[in-house]
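These notes concern the structure reproduced below.
The values are calculated or read from the model by the stated rules, or taken from the named source; none is laboratory data. This is a predicted model, so every value here is computed, not measured. Quick reminder, even Gly has a Cβ in these numbers, built from the backbone with ideal geometry, and neighbours come from all protein chains shown. Accessible surface areas use protein heavy atoms only, side chains included; no ligands, DNA or RNA. Shrake-Rupley method; radii C 1.70, N 1.55, O 1.52, S 1.80 Å.
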Amino acid sequence: MNTSTVVVAIVVVIAVVIAIALIAKNQRRQKLKQRFGPEYQRAIQETGSTTRAEAKLQKLESRVQGYKLVALSAPARTEFVGAWQRIQSRFVDDPRNALFEADRLIQKLMTARGYPVADFEQRAADISVDHPLVVEHYRAGHDISVRHAQGRASTEEMRQAMISYRTLFAELADEPELARSTAARVAGA
């Protein structure tokens, strides 16, 4: 073999390795985009970099995989759904307390499922791994709850928070029928 053949072979090997690395990176990116949905773009905006966002999401995904998440038992689901329906029915007469109780019930539901409930941002991030399409509802509902605690939320905003919380609740309780059957009640509140 002459020197030029060796150089060409090395260049070809390097090109193949680079191509494989780029393909693998693209596949990881597509997997993250698919898994996290809108959270992928949110992570990019928060970190200012696609690379840092992807590293953050991969770390989050690994952390949540370490949790012992469980489905609710049938009796627990029934109890949570009943509690939700009682809270929701009180919204018309007492929206302020109903919103507070809804927020607490979401945290209890998360605990029952195996999510740690440290602070809100951590809870939202954890939920985004397995429930990326409803985490925005959680953020929206929580934002209104915070404004409500400061005395800055209107009844209409609290109604929107309840709708957002209901969407997350239905997803975490694995009760999609709840979201459909109760939409009219809260919407009319």
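Exactly which trypsin sites (Lys or Arg not before Pro) in the range 30-102 are in a DSSP loop and have at most 11 other Cβ atoms within 10 Å? Filter output for the range 30-102: 68.
Leaving out ligands and nucleic acids, and using a 1.4 Å probe, what accessible area per residue does the range 89-160 come to in Å²?
Accessible surface, normalised per residue, equals 48 Å².
Let me know the shape class of the range 1-99, please: from the alpha-carbon gyration tensor, a ≥ b ≥ c as square roots of the eigenvalues, rounded when a/c is under 1.5, otherwise prolate if a/b is greater than b/c, or oblate. Prolate is the answer for the range 1-99, as a/c is 1.5 or above and a/b outweighs b/c. In the chain, the longest principal axis of the Cα atoms and the axis of helix 3-36 are about 10 degrees apart.
An oblate overall shape is assigned to the range 58-189, the ratio a/c of its alpha-carbon gyration tensor axes (a ≥ b ≥ c) being 1.5 or greater and a/b not exceeding b/c.
List the chymotrypsin sites (Phe, Trp or Tyr not before Pro) in the range 38-106 that DSSP assigns to loop (not H, G, I, E or B) and whose Cβ has at most 14 other Cβ atoms within 10 Å. Which are they?
Values: sites: 40, 67, 80, 84, 91, 100; in loops: 67, 91.
Answer in residue order: 67.
Would you mind checking the tilt of helix 50-65 against the longest principal axis of the Cα atoms of the chain, expressed as 0 to 90 degrees and rounded to 10? The two axes meet at around 60 degrees.
Ligands, DNA and RNA left out, the accessible area of the range 1-158 computed with a 1.4 Å probe is 59% carbon and sulfur. With R₀ set to 35 Å, the beta-carbon distance separating residue 154 from residue 65 gives a calculated FRET efficiency near 0.30. Given the options 15, 161, 53, which has the most mean-square fluctuation in a GNM of the chain, springs set between C-alpha atoms less than 10 angstrom apart? Among 15, 161, 53, the largest mean-square fluctuation in the Gaussian network model of the chain belongs to 15.
Using only the heavy atoms of the protein chains and a 1.4 Å probe, how would 174, 94 rank by accessible area, largest first?
On the way: 174 100, 94 60 Å².
Largest to smallest exposure gives the sequence 174, 94.
With an a/c value of 1.5 or above and a/b larger than b/c for the gyration tensor axes a ≥ b ≥ c computed over the alpha-carbon atoms, the range 102-177 is described as prolate.
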